[in-house]
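What follows draws every value from the coordinates through simple rules; no lab data is involved. Computed from a prediction, not measured in an experiment: that's the story for all the values here. Every residue, glycine as well, gets a Cβ built from its backbone with ideal geometry; the counts of neighbours run over all protein chains shown.
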Amino acid sequence: MKTIIIGGGRAGKELATQLPDAVIIEINPAKKAQLECLDGVKVVIGDGSDEELLKQVGLDDVGTFIALTSDDDVNYRAAAIAKRYGVPRIIVRVEDPEDQERFAELGVEYIMLPSKLVANLVANLIRSPEEEGVDVPFNKILVPILNEKAVGKAFKEALLIASAAKAELTVITSPDIDRRAMEMLAAELGVRLRVLIEEEHLMQILKRHLRYHGCVILERVKEHHYHPDCIIIDQEELGFMDRLLGRSVVLKLIRCASRPVLVARTFRYYERILAIIDSSESVDSVCRYSLLLAHLSGAELDLLILSEQGVVIDEVEWLKRQGAKANVRIKENWVEGNPMIEVVKAVKCGKYQLAVIPWRGTGVIRGDLIKRIINDAPCSVLTVV
């Protein structure tokens, strides 16, 4: 299936060289000659937000629609047309962060905010070595691909994080999964992708014994001398008895991973992140990862603080200082009522795209509450150790 790129500027031109069967729609006729020199790329001069022109180019066999102009209104109109015609994958560049919400409401899957990402990157570069710089949260991300659904879910969210963090993304999958689709998605977002193909008989064993697959996958990854910083896995649908007896693939994977695990439910760049702060040993990790992810995605960060003020005041003050450096807006909420009720209420309120929580909580957040958050949250959940 072909890819339509709206905007033949530097980004559109560079992207087209990496994608087969690309069509560039560029409004400026003066750019036609330099774009036509690209091998295998068709160039159409016209307005990329003109529905008749898009119909002439052909929307029926488009796999990916990418709007890269510097005009948010043009990108919005173009994306709305692509959405209406059922294009399966839409990627949009958004210049004004305040426009992000309307693109999200449109249902655009991938929203890139270059102004925020570039501003954060430049701020990191110009800090002196003596300053505490803002690092990236993950350099290596692993996604276990056990079925086609994971390609459209966990893999999608991993791509977004990897694209913002400039991280390497590795998937472990079976030969029956279409790796070309994953490779094209990674190329479109400039993500380095590594695919580890596992033997079909092993994947069938994993699928039959899902409650144990986390340990097996990690052992297989170690055989490739690969040690990820984070594992991203799909949301798991659990029946009543599974919930009651704690038979969760995700929970078993988290227990054996000894590293951050993200349960993917959002599939777009984060706009608002919730960090649950208590007096557990993982509080430093919760603070660090929530700040780094908010910084990379240009998100606001809300702190739900469940401890007495004197216990975690140093961590909160550090987070506020670093947030000011990282251009992250931070809001504090010190819980005075029942912490269990307040945590569940906050996580399930629908305002957040990501919740960052401690694993093996030794503070207010205990095992049963952690399990409930992981199983029931409508947003993505990152557990840290």
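Longer than 26 Å from Cα to Cα, which of K153/K331; K13/K325; K31/K55; K156/K320 are they? Say none if no pair is.
Values: K153/K331 29 Å; K13/K325 34 Å; K31/K55 22 Å; K156/K320 31 Å.
As for pairs spanning more than 26 Å Cα to Cα, those are K153/K331; K13/K325; K156/K320.
Expressed in nm², what is the orientationally averaged projection area of the convex hull enclosing the Cα positions of the stretch 1-56? Provide the component values of the computation, followed by the final result.
On the way: hull surface 14.1 nm².
Projected over every direction and averaged, the Cα hull of the stretch 1-56 covers 3.5 nm².
In sequence order, what are the phi-derived ³J(HN,Hα) couplings for the stretch 42-58 according to the Karplus relation 6.51 cos²θ - 1.76 cosθ + 1.60 with θ = phi - 60°, rounded to whole Hz, with x for glycine and proline?
My calculation for the stretch 42-58 gives 8, 10, 10, 8, x, 8, x, 9, 8, 4, 5, 5, 5, 5, 5, 5, x Hz in order.
When the Karplus curve 6.51 cos²θ - 1.76 cosθ + 1.60 is applied with θ = phi - 60°, which whole-Hz ³J(HN,Hα) does each residue of the stretch 287-292 get, with x for Gly and Pro?
Taking θ as phi minus 60°, the curve returns 4, 5, 5, 5, 5, 5 Hz for the stretch 287-292.
How long are the three semi-axes of the equivalent ellipsoid for the stretch 272-384, computed from the Cα gyration tensor as the root of 5 times each eigenvalue, in whole Å, largest first?
Numbers: eigenvalues 75, 53, 30 Å².
Equivalent ellipsoid of the stretch 272-384: 19, 16, 12 Å, largest first.
Return a whole-number percent for the relative contact order of the stretch 272-384, with Cα pairs under 8 Å and 6 or more residues apart as the contact set. Walk me through the intermediate numbers first.
Numbers: 203 pairs, mean separation 39.0, N = 113.
Relative contact order of the stretch 272-384: 34 percent.
Tell me which residues come under 5 Å, amide H to amide H, from I91 once H is placed; ignore anything under 5 positions away on its chain.
F65, I66, A67
Tell me the Rg and the Dmax, in Å, that the Cα atoms of the stretch 2-112 produce.
12.8, 37
Could you work out how far apart the two model spin labels at R194 and E281 are, taking each label as a point 7 Å from the Cα in the direction of the beta carbon, and quote it in nm?
My value for the distance between the label points is 2.9 nm.
Residue by residue, what Karplus-based ³J(HN,Hα) values in Hz, rounded to whole numbers, does the stretch 86-96 have, using 6.51, -1.76 and 1.60 with θ = phi - 60° and x for Gly and Pro?
Ordered by residue, 3J(HN,Hα) equals x, 4, x, 9, 10, 10, 9, 8, 10, 7, 9 Hz.
In what sequence do Y270, Y76, Y85 fall when counting other Cβ within 10 Å, fewest first?
Y85, Y76, Y270
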